[in-house]
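A.B. asks: A single structure is presented below for examination.
The values are calculated or read from the model by the stated rules, or taken from the named source; none is laboratory data. Keep in mind it's a predicted model, so treat the numbers as computed, not measured. With ideal geometry, Cβ positions are generated from the backbone for all residues, glycine too; neighbour counts draw on all protein chains shown.
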Amino acid sequence: MTEGLKRGRHQSLYFDYPVFPFTPPAEMRGERSHHKVAVVGGGPVGMVVALELARRGIASVVIEAADTLAEGSRAICFSRRSLEILEGVGVADAVIKKALPWTRGTSYYRNRPVYHLEMPHSGDDKYYPMVNLQQCWLEQFILDRVAAEPLIEMRWQSRVSDVRPAGDHVVLRVDTPDGEYSTTTDWLVAADGARSAVRRALGLKLNGTSYEGRYVIADILIKHDYPTERRVWFDPPSNPGSTVIMHRQPDDIWRIDYQLLDDADEAEELQERRIRERIQAQLEMIGETADWKLDWFSLYKAHALCLDNYVHGRVIFAGDAAHLVPIFGVRGLNSGLADANNLGWKLAWLVNGWAAPELLGSYNDERRAATLDVFENAIKSTKFMTPPSRGYDLMRDAVLSLSLTETFARPLINPRQSVPYTYQDGPLTSPDDPAFAAGPIPGDLPVNLHLGGGRYLLDHLGAGFTLISFGPPGGQVRERIARLPEPGTVVVVGEDVADPAGRIAAVYGARQGTAYLVRPDGHIAARWHAGVSVEALEAALARLKIGNAEVGHA
């Protein structure tokens, strides 16, 4: 646990919020201080960026305006892909010990079930498709890891007031309880949320669509043994004409989200008395009679907004500072963690002199495309959850009514849960080998497989590039992977990983010699069915903007 903090100012029924003091930095002691990377925003996205940099030897300073962690549950559902990303920075084990896994959900029309969500999950999956955990716990686990990392400096109660790009660096002005100071950085990562001070200082705006639908979100403490699943009620007796969502969380906390109708008075609905009435009506509707306590509440509005470009010179945006996505399908923070995963290795390689500047541009190309894909799916869910017009309202009512008796209508209620984006058309992705008849394509994530004894295929991937080879690769290929500035890993199926029944080969559509090149963020860069030559490998590395990068070369 992080040292030098006080506790108790932020009250909660289940979480002891730390209060982090302001510590004057070197700049306020008259010492000139310049940073390789400054991260503005000490939430999950900013801290994971700092950890991704640190695992590749890059020091950073994280500047956070608040004095504590995020209050309330906020983001609560974390995907399998997010857990894989957190595993890479050493946080997944703590999350898994605390979180509640789930694979299914039930949607109700009024009080009758009409759709059952079942997310794929098998013994080959190391993590469940989704786990529930309050954001405050996630932030605490990430912060514990950050506190143990000497390459990361956390600065609390430090609010960025001005950002000025200056050629080969960026100048920051920071407000603190003891006054202002200036500092400089080679690179600035803006992960400071929906109301980004960095975005405002640069005069940048998010573009897209904001929706009229409003949700009150609340955490309650209640003893209940109902299984962990996503439950949604459309037009329930407890809140006619609207939608209610319930999620179970650790510590006997339940998250309840309920929609406000268009004519509801927001000020009145946010009165604690009114919130308690709404929650009590929902609990009575589902037959819950246990005593409960209100822990936290807030108001949420759905947005599908993003910057036109996530990279502005030496300032890079990530998470909510770059994009705001509707919560339906739990895409918000999961998208932000994918940003951090994609950006971290690319920025580290650039700072270390291992890659061409174009590599950083690919962060914008890939992650903004992922955002637009999220919008396409999340907007469909949003229009169903909170119909934006009378026409959409009639269509939803028709689907829900039909779903009571007609099976064909039920899949239309699918909430379209978050799935990883495939960088198939990204600038770093090599064209596919047409000889493949199966297996994950370039741009996709490799398929995990349980090898027995609690070990999985993807446990063998390194922090840098990994070549998965079915049979030993040529000596020049192995040598080239080893000569990468962050030495790569070669995993030989049949030697390093046993495959006596050929199951791995079948899943990957492989024959003797087949090879897959996996990027540091876990996505497949290229694959070769009949084997990879050193020339073909060099071509793939060149496409990744690291073709001439070797140990000892800038």
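A.B. asks: In the stretch 482-505, what count of residues is obtained for those that are surrounded by fewer than 17 Cβ atoms within 10 Å (Cβ to Cβ) and either over 19 Å from Ala525 (Cα atoms) or aliphatic (A, V, I, L, M) (or both)?
C.D. replies: Matching residues across the stretch 482-505 total 9.
Residue by residue, here is whether (1) in a strand (DSSP E or B); (2) at pLDDT 90 or above; (3) crowded, with 19+ Cβ neighbours inside 10 Å; (4) under 30 Å from the mean Cα position of the chain (by Cα) holds:
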residue: Ile217; (1), (2), (3), (4): yes, yes, yes, yes
residue: Ile220; (1), (2), (3), (4): yes, yes, yes, yes
residue: Asp225; (1), (2), (3), (4): no, no, no, yes
residue: Pro236; (1), (2), (3), (4): no, yes, yes, no
residue: Gly241; (1), (2), (3), (4): no, no, no, no
residue: Arg248; (1), (2), (3), (4): yes, yes, yes, yes
residue: Asp251; (1), (2), (3), (4): no, yes, no, yes
residue: Ala264; (1), (2), (3), (4): no, yes, no, no
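A.B. asks: State all residues of the stretch 359-382 that are surrounded by 21 or more Cβ atoms within 10 Å (Cβ to Cβ), hydrophobic (A, V, I, L, M, F, W, C) and at pLDDT below 70; if no residue qualifies, say none.
C.D. replies: Ala378
A.B. asks: Right, another one. I'd like to check something: does the stretch 383-393 contain any residue that is among the charged types (D, E, K, R), within 26 Å of Cys306 (Cα to Cα) and at pLDDT 75 or above?
C.D. replies: So far as the stretch 383-393 goes, no, none of its residues is among the charged types (D, E, K, R), within 26 Å of Cys306 (Cα to Cα) and at pLDDT 75 or above.
So that you can scan it fast, the table gives a plain yes or no per residue for (1) in contact with a helix residue (DSSP H, G or I) (Cβ under 8 Å, 6 or more places away or on another chain); (2) assigned to a helix (DSSP H, G or I); (3) of a type in the set (Phe, Trp, Tyr):
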{"position": "Leu394", "(1), (2), (3)": "no, yes, no"}
{"position": "Pro427", "(1), (2), (3)": "yes, no, no"}
{"position": "Phe436", "(1), (2), (3)": "no, no, yes"}
{"position": "Gly439", "(1), (2), (3)": "yes, no, no"}
{"position": "Leu445", "(1), (2), (3)": "yes, no, no"}
{"position": "Val477", "(1), (2), (3)": "yes, yes, no"}
{"position": "Arg480", "(1), (2), (3)": "yes, yes, no"}
{"position": "Val490", "(1), (2), (3)": "yes, no, no"}
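A.B. asks: Of the residues in the stretch 504-530, how many are aliphatic (A, V, I, L, M), assigned to a strand (DSSP E or B) and closer than 13 Å to Val447 by Cβ?
C.D. replies: Total meeting the criteria: 2.
A.B. asks: Additional query: Which ones in the stretch 101-135 are among the charged types (D, E, K, R), within 20 Å of Trp233 (Cβ to Cβ) and in contact (Cβ under 8 Å) with a residue 24 or more places away in the chain?
C.D. replies: Arg104, Arg110, Arg112, listed by residue number.
A.B. asks: Identify, please: which residue in the stretch 445-455 is of a type in the set (A, V, I, L, M, F, W, C) and over 21 Å from the mean Cα position of the chain (by Cα) and is, among those, farthest from Ala498 (Cα to Cα)?
C.D. replies: Looking at residues that are of a type in the set (A, V, I, L, M, F, W, C) and over 21 Å from the mean Cα position of the chain (by Cα), I get Leu449.
A.B. asks: I would also like to ask the following. Conditions: (1) under 27 Å from Arg104 (Cβ atoms); (2) in contact with a Lys or Arg (Cβ under 8 Å, 6 or more places away or on another chain). Ile441 meets all but one. Number of the miss?
C.D. replies: With respect to (1) under 27 Å from Arg104 (Cβ atoms); (2) in contact with a Lys or Arg (Cβ under 8 Å, 6 or more places away or on another chain), Ile441 is out only on (1).
A.B. asks: Name the single residue that is farthest from Asp225 (Cα to Cα) among those in the stretch 268-310 being polar (S, T, N, Q), within 31 Å of the chain's Cα centre (by Cα) and not in a helix (DSSP H, G or I).
C.D. replies: Restricting to residues being polar (S, T, N, Q), within 31 Å of the chain's Cα centre (by Cα) and not in a helix (DSSP H, G or I), the top hit is Asn309.
A.B. asks: With the stretch 103-191 as the region, which strands (runs of 3 or more DSSP E) entirely inside it contain at least 3 residues that are closer than 30 Å to Asn364 by Cβ?
C.D. replies: Result: 152-155, 159-165, 170-176, 179-190.
A.B. asks: If we keep just the residues of the stretch 173-194 that are over 20 Å from the mean Cα position of the chain (by Cα) and among the acidic types (Asp, Glu), which is farthest from Ala348 (Cα to Cα)?
C.D. replies: The selected residue is Asp178.
A.B. asks: Inside the stretch 120-132, can you point out the residues that are buried (at least 22 other Cβ atoms within 10 Å of the Cβ), in contact with a Lys or Arg (Cβ under 8 Å, 6 or more places away or on another chain) and more than 23 Å from Arg55 (Cα to Cα)?
C.D. replies: Across the stretch 120-132, the qualifying residues are Met130, Asn132.
A.B. asks: Scan the stretch 465-475 and give yes if some residue there is surrounded by fewer than 13 Cβ atoms within 10 Å (Cβ to Cβ) and either closer than 23 Å to Glu535 by Cβ or without any contact (Cβ under 8 Å) to a residue 24 or more places away in the chain (or both), otherwise no.
C.D. replies: yes
A.B. asks: Sticking with this one: Please state which of the following conditions Val490 fails to meet, knowing it meets all the rest: (1) of a type outside the set (Asp, Glu); (2) in contact with a Ser or Thr (Cβ under 7 Å, 6 or more places away or on another chain); (3) touching a residue at least 40 places away in the same chain (Cβ under 8 Å).
C.D. replies: (3)
A.B. asks: Could you look through the stretch 423-444, keep only residues that are more than 11 Å from Arg527 (Cβ to Cβ) and crowded, with 18+ Cβ neighbours inside 10 Å, and pick out the one that is farthest from the chain's Cα centre (by Cα)?
C.D. replies: Leu428
A.B. asks: For the stretch 66-102, give me each residue that is surrounded by fewer than 22 Cβ atoms within 10 Å (Cβ to Cβ) and part of a helix (DSSP H, G or I).
C.D. replies: Across the stretch 66-102, the qualifying residues are Arg81, Glu84, Glu87, Gly88, Ala92, Asp93, Ala94, Val95, Ile96, Lys97, Lys98.
A.B. asks: Which one of the conditions (1) modelled with pLDDT under 95; (2) not in a loop (DSSP other than H, G, I, E, B) does Ala356 fail to meet, given that it meets all the rest?
C.D. replies: Status for Ala356: all satisfied but (2).
A.B. asks: Taking the stated definitions as given, is Ser60 modelled with pLDDT of 95 or more, surrounded by 24 or more Cβ atoms within 10 Å (Cβ to Cβ), closer than 28 Å to Leu221 by Cα and not assigned by TED's automatic domain parsing to the domain that holds Pro520?
C.D. replies: No; evaluated as a whole, the condition is false for this residue.
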